[in-house]
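Peer 1: Below you'll find the structure I mean.
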Amino acid sequence: MEERFDTAQISKVIDQALLYQCACPAQVCRAIFELRELHQYQLNCANDTANDRLVHETIARAAARSHELMEECLAKILTLEQWDMATLTMPASLRKKPAKTI
Amino acid sequence: MRQTDAKLLLLDSKHYSSALLQEELQRRGFASIFHCDPSGNLKNAVTGFDPDVVIFNHHYENQNDLAVCAAIKQLAPSVPVVAIASSGPAVKLVSARARETRQIDVVIEKPLSDERFFMVVGDLAAARQSVRQQQFHLARLSNLVPAAALEAMKQHPSGEAEMFEAAVLFTDIRRSTEMIASLRPEAYFAALNRSLSEQTRALEARHGTVVKYTGDGVLAVFRGMGRSRLALRCAQILAGHETQKLLPFGVGLAHGLILGGFVGDFQQAGRRSQYDVIGSTVHLAARLCSLASPGEVIMTRSLQAAARFEFPNLRPIGPVAIRGFAQSVECVAFQSVPIN
C-alpha cells in the first residue's frame, strides 16, 4: 500500500488540529491511521484455508483503496483550508478560530 | 462551568497549542494554569507552582519530550500526569510508555473531540485536592496528638496497654502561679509555648517521645538501648537551655518499668481517650521534678549509674523520702546554670 503522507506528517496535522472536531483534517488523519492498521493486520493474519486468504486479501484491498481515497481527501482539504503544503503548517486564520465545536 | 482553584501545570513545546489548551481549560473553570516548555526549568515549575495535575501535550515530532514525564514523577510522585497524543503511532507510543514506566497516569487521544479530556483533568484535580485537604487536616490533628500516642496507635491498633522499660523525664515551670499573675495571659502563653517547643525539639533530637504536655511542663519517655544516657543528656541540655531565662523550670528523671496505653472512654466512638503512661517510675520522676529548683535536674542514683554519665557538679542529695514509696530513694542532682 502506497503512502503519500508519512506518520510524522499526519501526526503533525493532528497535533496542530488539537481541539477541532468539525471539518477537521485531523479526523481524516485518524481514519488514515486506522486504515493503515487494518491493512497491516490483514497482511499478518493467519491463512489456514484458501478461503481465509481470500477474505484477508479482500479486506486488505478494500483498506488500500479506502486509504488512497482518504489520503487524496486529506490533500484536498489541506489545500482548501490553505495549509502550507510544504511544511504542513496550519494557516493562521484557522488558529484564531474559536473552539466552539466541542 | 464552576470555577475551581485547582492548579494545572501545562507542559507543551508549542506556543500555539498551549495557548489554545489554556483558553479551553479556562473556559471550563480552571483559573490557575502554569505553562512550561518541557525543556524548561521543570524543578522550579513543580516545586514553585505545586500543581494538582500535570498535563503533557505530546507532539510526535518531539519524541524526546516524553522524558519529561519521568522528571515530573521524580519531582512530584503523587501528582497525576495526563498525556495527550495524536491518534495513530503517537498515542500507541505514549500508551506503551505509560504501561511500562507508570510515569503517565492517563493517556488521551488527539484531536480532543469530546469532553473526556476536560472531565478527566477535573476529576483528577478534585481527587488531588481532596487528598491535600485530608493531609492538611491530618497534619493539624497529628500536631494535637502526642507523638507517643501516634506510635502506640501504630504498634497497638486495638488499643491494648503495654508494659515496658523506660527512662521518664518530667519538666515543670517553677513559680508558674506567680508568673501567670505577673504577666499578661497572652505573654505567658507565648513564653510557655516557646519553652515547650524548645523542650520538645531537644527531647526529639535525643529520641525522647513526648507523652503529654502537663500544663506547665512535659512528660516524656525514652525507650530502647541507651535510654538512661539519652534522657540524662537531654536533661542536662534542658537544664542549661536559654529558655530557662524565660520561664525557669526543673527536671526530674527516673527509670524502670512503666505501663503505657490509652486511658479514658475509648469503648465508644466519639468518646474521649488519651495516651498516658502510669506506674511508680512515672510517679517518682514527677516527684523528683517537683523538688528540683529552676535549672536543676534531680534523678535517681540508679539512673545516673545506668547512664554512666559523670558531671563535675553532680552532687548526692542522699536518700529522698518520697510519699507513697516504702523506702527512701537514693538521688543525685546537678544545677546546670545558676538561675537568678
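The values are calculated or read from the model by the stated rules, or taken from the named source; none is laboratory data. Everything numeric here is computed off the predicted structure, so don't read it as measured data. Don't worry about glycine lacking a Cβ; one is built from the backbone with ideal geometry, like all the others, and counts go over all protein chains shown. What goes into the accessible areas is simple: the full protein's heavy atoms, side chains included, and nothing from ligands, DNA or RNA. Shrake-Rupley method; radii C 1.70, N 1.55, O 1.52, S 1.80 Å.
Peer 1: Sort out for me the Cα centre separation of segment B:267-316 from segment B:24-101, rounded to whole Å.
Peer 2: 55
Peer 1: With a Förster radius of 41 Å, plug the Cβ-Cβ distance of A:Gln82 and A:Arg61 into 1/(1 + (r/R0)^6) and report the FRET value to the nearest 0.05.
Peer 2: Values: r = 34 Å, r/R0 = 0.83.
After rounding, the FRET efficiency stands at 0.75.
Peer 1: Beta carbons within 10 angstrom, averaged per residue: use that to sort the peptides B:314-322, B:237-245, B:98-106, highest first.
Peer 2: Working: B:314-322: 13.2, B:237-245: 17.9, B:98-106: 15.7.
Packing proxy ranking, top to bottom: B:237-245, B:98-106, B:314-322.
Peer 1: Working from the pairwise distances between different alpha carbons, so that the mean of 1/r is found and then inverted, what is segment B:179-258's Kirkwood radius in Å? Let's see the in-between values first.
Peer 2: Details: mean 1/r = 0.0751 Å⁻¹.
Answer for segment B:179-258: a Kirkwood hydrodynamic radius of 13.3 Å.
Peer 1: Mind checking the mean number of beta-carbon atoms from other chains within 10 Å of the Cβ atoms in B:109-118? Please list the in-between numbers first.
Peer 2: On the way: counts 2, 10, 16, 8, 10, 2, 1, 0, 3, 1.
For peptide B:109-118, the averaged partner shielding equals 5.
Peer 1: Can you compute 3J(HN,Hα) from phi for each residue in segment B:311-327, using the Karplus curve 6.51 cos²θ - 1.76 cosθ + 1.60 with θ = phi - 60°, rounded to whole Hz and x for Gly and Pro?
Peer 2: My calculation for segment B:311-327 gives 10, x, 9, 6, 10, x, 10, x, x, 10, 7, 10, 4, x, 9, 5, 10 Hz in order.
Peer 1: Quick one: accessible surface of A:Thr87, probe radius 1.4 Å, all protein chains present, in square angstrom to the nearest 10.
Peer 2: Roughly 60 Å² of A:Thr87 is accessible to a 1.4 Å probe.
Peer 1: Per residue, how much accessible surface does segment B:57-208 expose to a 1.4 Å probe? Answer in Å², no decimals.
Peer 2: 54
Peer 1: Same structure, new question: Just read off the accessible area of B:Ser113 with the full protein assembly in place, 1.4 Å probe, to the nearest 10 Å².
Peer 2: 30
Peer 1: Something else about it: So for each of B:155-163, B:26-34 I average, over its residues, the number of other beta carbons within 10 Å; can you give me the resulting order with the highest mean first?
Peer 2: Details: B:155-163: 10.8, B:26-34: 16.4.
Put in order of decreasing packing, that is B:26-34, B:155-163.
Peer 1: For the protein assembly as shown, give the magnitude of the charge dipole about the Cα centre (Cβ charges: +1 Lys/Arg, -1 Asp/Glu; no others), in debye to the nearest 20.
Peer 2: Dipole of the protein assembly as shown, to the nearest 20 debye: 1600 debye.
Peer 1: Also, I was wondering about something else. Give B:Lys14/B:Lys73; B:Lys43/B:Lys212; B:Lys154/B:Lys245 a once-over and call out the pairs whose C-alpha atoms are over 31 Å from each other. Before the final figure, lay out the partial values.
Peer 2: Numbers: B:Lys14/B:Lys73 22 Å; B:Lys43/B:Lys212 40 Å; B:Lys154/B:Lys245 38 Å.
Listed pairs above 31 Å: B:Lys43/B:Lys212; B:Lys154/B:Lys245.
Peer 1: Sticking with this structure for a sec: So what's the net charge close to B:Gly29: Lys and Arg +1, Asp and Glu -1, counting the other residues with Cβ under 10 Å from its Cβ?
Peer 2: Numbers: positive: B:Arg2, B:Arg27, B:Arg28; negative: B:Asp5.
Once all neighbours under 10 Å are counted, the net charge is +2.
Peer 1: Something else about it: For A:Glu72 and A:Ala50, what does the FRET efficiency come to when R0 = 45 Å and r is the distance between their Cβ atoms, rounded to the nearest 0.05? The partial results should precede the final answer.
Peer 2: Values: r = 33 Å, r/R0 = 0.74.
That gives a FRET efficiency of 0.85.
Peer 1: Considering only A:Asn47, B:Gly226, B:Val91, whose Cα is most displaced toward the positive end of the charge dipole of the protein assembly as shown, charges sitting on Cβ of Lys, Arg (+1) and Asp, Glu (-1)?
Peer 2: Value computed over the given set: B:Gly226.
Peer 1: Specify whether the C-alpha gyration tensor of segment B:1-133 places it in the rounded, prolate or oblate class, a ≥ b ≥ c being the square roots of the eigenvalues: rounded for a/c under 1.5, otherwise prolate if a/b is larger than b/c and oblate if not.
Peer 2: Details: a/c = 1.39, a/b = 1.18, b/c = 1.17.
Taking the square roots of the gyration eigenvalues as a ≥ b ≥ c, segment B:1-133 is rounded.
Peer 1: With every protein chain present, what is the per residue accessible area of segment A:7-86 (1.4 Å probe, Å²)? Display every interim value, and only then the final one.
Peer 2: Numbers: 4310 Å² over 80 residues.
Here the per-residue accessible area is 54 Å².
Peer 1: For B:His35, list long-range residues whose amide hydrogen, built 1.01 Å from N in the peptide plane, is under 5 Å from its own amide hydrogen.
Peer 2: Excluding prolines and chain starts, which carry no amide H, the hits are B:Leu10.
Peer 1: Also, quick follow-up: Could you order the peptides B:7-15, B:45-53 from most to least packed, using the average number of other C-beta atoms within 10 Å per residue?
Peer 2: Values: B:7-15: 21.0, B:45-53: 18.3.
Highest mean packing first, the order is B:7-15, B:45-53.
Peer 1: How many partner chain Cβ atoms sit within 10 Å of a residue's Cβ in peptide B:12-18, on average, as a whole number? Let's see the in-between values first.
Peer 2: Working: counts 1, 1, 3, 0, 7, 6, 1.
Taking the mean over all residues of the peptide, I get 3.
Peer 1: Tell me the label-point distance for the pair B:Ser280, B:Asn313, using the 7 Å Cα-to-Cβ offset, in nm and rounded to one decimal.
Peer 2: Once both label points are built, they end up 3.3 nm from each other.
Peer 1: Determine the calculated [θ] at 222 nm for the protein assembly as shown from helices alone, applying -39500 (n - 2.57) to every DSSP H run no shorter than 4 residues and normalising by the residue count; nearest 500 deg cm²/dmol. Mind showing how you got there, number by number?
Peer 2: Details: 15 runs with 206 residues, N = 442.
That calculation yields -15000 deg cm²/dmol at 222 nm.
Peer 1: Give the aspartates and glutamates reachable from B:Lys110 as a straight Cα distance under 16 Å; neighbours fewer than 8 places away on the same chain don't count.
Peer 2: Those aspartates and glutamates meeting the cut-off are A:Asp15, A:Glu34, B:Asp12, B:Glu24, B:Glu61.
Peer 1: Ok, one more. Can you report the principal axis dimensions of the protein assembly as shown using only the alpha carbons, biggest first, rounded to whole angstrom?
Peer 2: Principal-axis extents of the protein assembly as shown (Cα, largest first): 106, 57, 45 Å.
Peer 1: In segment B:111-165, what percent of the accessible surface is made up of carbon and sulfur (1.4 Å probe, ligands and nucleic acids excluded)? Each step should come with its number before you reach the end.
Peer 2: Values: 2140 of 3650 Å².
Of the solvent-accessible surface of segment B:111-165, carbon and sulfur hold 59 percent.
Peer 1: Could you list the square roots of 5 times each eigenvalue of the Cα gyration tensor of chain B, that is, the equivalent ellipsoid semi-axes, sorted largest first and rounded to whole Å?
Peer 2: On the way: eigenvalues 696, 85, 75 Å².
Each semi-axis is √(5λ); the values are 59, 21, 19 Å.
Peer 1: Right, next: When averaged across all projection directions, what area in nm² does the alpha-carbon convex hull of segment B:147-335 cover?
Peer 2: On the way: hull surface 46.5 nm².
Computing the convex hull of the Cα atoms and averaging its projections yields 11.6 nm².
Peer 1: May I pose another question? Return the inverse of the average 1/r over all pairs of distinct C-alpha atoms in segment B:229-328, which is the Kirkwood hydrodynamic radius, in Å to one decimal. Don't skip to the end; give the middle numbers.
Peer 2: Working: mean 1/r = 0.0654 Å⁻¹.
15.3 Å is the Kirkwood radius here.
Peer 1: Continuing with this model, one more query. With θ set to phi - 60°, apply the Karplus curve 6.51 cos²θ - 1.76 cosθ + 1.60 along segment B:163-177 and write out the HN-Hα couplings as whole Hz, x wherever there is a Gly or Pro.
Peer 2: Karplus values, whole Hz, x for Gly and Pro: 9, 8, 7, 7, 9, 10, 10, 10, 10, 7, 6, 7, 6, 5, 5.
Peer 1: Rule-of-thumb check for segment B:140-182: C-alpha Rg over 2.2 N^0.38 Å? Write down the numbers at each step before the final one.
Peer 2: Values: Rg = 16.2 Å, N = 43, 2.2 N^0.38 = 9.2 Å.
Its radius of gyration relative to the 2.2 N^0.38 Å reference: 1.76.
Peer 1: Can you pull out the buried accessible area for chains A and B, both sides counted, probe 1.4 Å, rounded to the nearest 100 Å²? Write out the running numbers ahead of the final one.
Peer 2: Details: alone 6900 and 18180 Å², together 23060 Å².
Interface between A and B: roughly 2000 Å².
Peer 1: Here is a further query. Please identify the helices of chain B, taking whole runs of DSSP H, that span at least 27 Å along their own axis as judged from the Cα atoms and have a mean Kyte-Doolittle score of -1.0 or higher. Present the calculation step by step, with values, prior to reporting the outcome.
Peer 2: Details: long enough: B:116-144 (42 Å, 0.04); B:185-205 (30 Å, -0.40).
Qualifying helices: B:116-144, B:185-205.
Peer 1: Shifting gears a bit: What's the extension gain from B:Ala126 to B:Gln327 if we count 0.36 nm per residue and subtract their Cα-Cα distance? Can you show the working numbers first?
Peer 2: Details: separation 201, 0.36 × 201 = 72.36 nm, distance 6.44 nm.
Taking B:Ala126 through B:Gln327 to full extension adds about 65.9 nm, to one decimal.
Peer 1: Cα gyration tensor of segment B:285-340, axes a ≥ b ≥ c as square roots of the eigenvalues: rounded (a/c below 1.5), prolate (a/b > b/c) or oblate?
Peer 2: Working: a/c = 2.28, a/b = 1.27, b/c = 1.79.
Verdict is oblate for segment B:285-340.
Peer 1: Amide H neighbours of B:Ser86 under 5 Å, counting only residues 5+ apart in sequence or on other chains, H built in-plane at 1.01 Å?
Peer 2: Residues meeting the amide H criterion: B:Tyr60, B:Val91, B:Lys110.
Peer 1: Could you work out, residue by residue across A:29-42, how many beta carbons of other chains sit within 10 Å of that residue's beta carbon, and then give the average as an integer?
Peer 2: Numbers: counts 5, 8, 1, 2, 7, 2, 0, 2, 3, 0, 0, 0, 0, 0.
Partner-chain Cβ atoms within 10 Å, mean over residues of A:29-42: 2.
Peer 1: Here is a follow-up. When the dipole is taken about the Cα centre of segment B:147-335, and only Lys, Arg (+1) and Asp, Glu (-1) are charged at their Cβ, what size is it in debye, to the nearest 20?
Peer 2: Values: 20 positive and 16 negative charges, 49 e Å.
Around 240 debye, computed over segment B:147-335.
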